[in-house]
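Enquirer: Below are the structure tokens for one structure; questions will follow.
The values are calculated or read from the model by the stated rules, or taken from the named source; none is laboratory data. Only a predicted model underlies this, so the values are computations on that prediction, with no experimental measurement involved. Cβ placement follows ideal geometry from the backbone for every residue including glycine, while neighbour counts extend to all protein chains displayed.
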Amino acid sequence: MKAVRIHEHGSADVLKIDTLPKPQPAEDEALVRIKSTALNHLDLWVREGLPGITLPVIMGSDAAGVVEEMGAQAAQQFPWKPGDEVVLAPIRSCGHCYMCASGKENLCAEFRIPGEGMDGVQAEYVALPARFLLPKPVELSWAEAAAFPLAAMTAYHMMVQKAGVSHRNWVLVYGASSGVGSAAIQFAKAIGARVITTAGSDEKAELAKKLGADFVIRYKEEKIGKRVREITNGRGADVVIEHTGAQTWPESLRALRKGGKLVTCGATTGPVVKIDIRALFIKHQQLIGSTMGTMQDLYDIVSLIDRGLFKPVIDKEFSLNEIREAHRRLAEGRQFGKIVVHF
Ligand SMILES: [Zn+2]
């Protein structure tokens, strides 16, 4: 089978399409024939070099496909059968610790993301524990089905589980064009909150409005914190959904109201920030970290898809042979929504 692997870290040129043996499903696993995969910023970081990565490694965290075969025990425990259309959750956890048993897979000590500390899903066939499969929503194309899990789960977990956003809230969501941003805007609107987002061009601002954003701040021309204060009549945002890091952090704090919550899941522009703890305690603000999400989040998202309240945004679709071009498009930040690679 064909698989996208790296044997060394570097530019998009290190991506190779290797021929590997087809995996055999273990007792508790399903073997899935992959139809489509989607890129995340994580793919770029893995390619460029993260600690704890053993090479060579199969790339990719998000995929959707068709069940080919079930391990004997998996066939007893789960409803899947060959031919079923499924989405692969970008979650791997031990399955038997207290956190896993209580549905908090992302707090499991053995939590991993395929394509990061282990082989990923950009391959013609993937064997994985059957408990990490979801039904492919019938409303979605293969591209859309592959595109949503990692980004949407991350956004949903921040918005719902960590920030507890309600219809009374003003929410600032960074990066309307990113996978996390485009999902977070839709979830906030589904809840009934008011959304302020950021965009770098007219075209991206227009698309952000179409997704439901009430206000779009042109971050290259306007000060985000000041603009959020103006929009909210001086009050500030109840919740800030941060995934950009060092560059936006000071503006995020300026935008946050007294008693507000800042939830962060990313550091695209740098991981080290400054905090004046006096401002933090005087304003009763909460800083909350969040990584990925849970199977429950994914099932909740599928239910929002079924009700027409969420739709993954696709930027561009590539064939497997164009994998390097797909990586370059993401690295240059030209996209609005998810970049898909078909197998
Ligand atoms: Zn566990």
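Enquirer: Kindly establish whether GLY179 is under 30 Å from CYS94 (Cα atoms), at pLDDT below 95 and buried (at least 24 other Cβ atoms within 10 Å of the Cβ).
Expert: yes
Enquirer: Does GLN296 satisfy the condition of being more than 20 Å from THR197 (Cβ to Cβ), touching a Lys or Arg at 6+ places or on another chain (Cβ under 7 Å), surrounded by 14 or more Cβ atoms within 10 Å (Cβ to Cβ) and touching a residue at least 12 places away in the same chain (Cβ under 8 Å)?
Expert: Judged against the criteria, GLN296 is not a match.
Enquirer: Here's another thing I want to ask about it. If I filter the range 72-91 down to residues being part of a strand (DSSP E or B) and touching a helix residue (DSSP H, G or I) at 6+ places or on another chain (Cβ under 7 Å), which single residue comes out as surrounded by the fewest Cβ atoms within 10 Å (Cβ to Cβ)? Walk me through it before giving the result.
Expert: Initial filter on the range 72-91 (part of a strand (DSSP E or B)): 85-88.
Still in the list and also touching a helix residue (DSSP H, G or I) at 6+ places or on another chain (Cβ under 7 Å): 87-88.
Details: VAL87: 28, LEU88: 26.
If we take residues in the range 72-91 being part of a strand (DSSP E or B) and touching a helix residue (DSSP H, G or I) at 6+ places or on another chain (Cβ under 7 Å), then LEU88 is surrounded by the fewest Cβ atoms within 10 Å (Cβ to Cβ).
Enquirer: Restricting to the range 216-250, count the residues that are within 21 Å of MET159 (Cα to Cα) and of a type in the set (Phe, Trp, Tyr).
Expert: Number of matching residues: 1.
Enquirer: Every residue in the range 104-133 that is part of a loop (DSSP other than H, G, I, E, B) and within 11 Å of the ligand (Cβ to nearest atom), please. Write out each step before concluding.
Expert: Of all residues in the range 104-133, those part of a loop (DSSP other than H, G, I, E, B) come to 104, 108-111, 113, 115-117, 119-122, 124.
Scanning the range 104-133 gives LYS104, CYS108, ALA109, GLU110, PHE111.
Enquirer: Next question. For the subset of the range 1-36 comprising residues that are of a type in the set (Gly, Ala, Ser) and within 24 Å of the chain's Cα centre (by Cα), which member is nearest to LEU133 (Cα to Cα)?
Expert: Checked the range 1-36; the qualifying residue nearest to LEU133 (Cα to Cα) is ALA30.
Enquirer: Moving on. Is there any pair linking a residue in the range 130-155 that is under 27 Å from GLY175 (Cα atoms) to one that is among the hydroxyl-bearing types (Ser, Thr, Tyr) and not in a helix (DSSP H, G or I), with Cβ under 6 Å and at least six apart or on different chains, and which?
Expert: From the range 130-155, the pairs are TRP142/SER36; ALA143/SER36; ALA146/SER36; ALA146/THR37; LEU150/SER61.
To keep it simple, each residue is scored yes or no on (1) free of Cβ contacts under 8 Å to residues at least 40 places away in the same chain; (2) over 26 Å from LEU133 (Cβ atoms).
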site: VAL263; (1), (2): no, yes
site: GLY266; (1), (2): no, yes
site: GLY270; (1), (2): yes, yes
site: ASP276; (1), (2): yes, yes
site: THR291; (1), (2): no, no
site: ASP300; (1), (2): no, no
site: LEU304; (1), (2): no, no
site: LYS316; (1), (2): yes, yes
site: VAL341; (1), (2): no, no
